[in-house]
Structure formats: C-alpha cells, structure tokens
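Here the structure comes first, spelled out in structure tokens, and everything after it is commentary.
Every number here is computed from the coordinates shown, using simple stated rules; none is lab data. Computed from a prediction, not measured in an experiment: that's the story for all the values here. No Cβ is skipped: glycine too gets one built from the backbone with ideal geometry, and neighbour counts run over all protein chains shown.
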Amino acid sequence: MATGRDEIRARIASRFAEPNLHAKLLQRSAMGNIVIDHEEVVRNFPEGAGTIEMIGIYEVRAGFIHTASFIFGAKKLD
C-alpha cells in the first residue's frame, strides 16, 4: 500500500490530523526483531466517532521499523 517515508506520510497524514485520535496500548509482545502490539484506537470514521481494536506487527532493523502490517477488528461507533 505504501513504501518509504514519503508514501507512508502522505497516506496517513489525514488520519493524524483527527482531533480525537488516540491509541491505547493494551499489550505488547516482542521476540527478536519482531514486535506485536494490541491497541484500542479512538478515531473518526466516515460514519462518526468510535473505537477499533488493532494488531500491529512490526519488523525492526537497525532501530527502525522495516515492515509493518495491521489487522483490524470490528469498529464500534459511539
């Protein structure tokens, strides 16, 4: 979907502009250079404000995220 800092920044810029955007880390697991985060995210959906659970899977190389993939649960509207 996006490769490199510029493409990623362009893809997510509007999301980070949301005034109520907030992520709460529920659990973190790490093994070697793989980190898995389970989060609850508060944000604005096209249908309105709500929350969604998310799993983020990150591969870290030389202190930087090399790859990231995400799994989303069902959104819950307020």
Filter result (within 14 Å of the chain's Cα centre (by Cα) and over 16 Å from ILE57 (Cα atoms)) within region 19-43:
LEU21, HIS22, VAL42, ARG43
Restricting to region 48-67, count the residues that are of a type outside the set (Lys, Arg), within 22 Å of MET1 (Cβ to Cβ) and surrounded by fewer than 13 Cβ atoms within 10 Å (Cβ to Cβ).
4
Can you name every residue in region 41-65 that is more than 18 Å from LEU26 (Cβ to Cβ) and in contact (Cβ under 8 Å) with a residue 24 or more places away in the chain?
ASN44, PHE45, GLU47, GLY48, ALA49, GLU59, VAL60, ARG61
Within region 11-44, restricting to residues that are within 17 Å of LYS75 (Cβ to Cβ) and among the charged types (D, E, K, R), the one that is surrounded by the most Cβ atoms within 10 Å (Cβ to Cβ) is GLU39
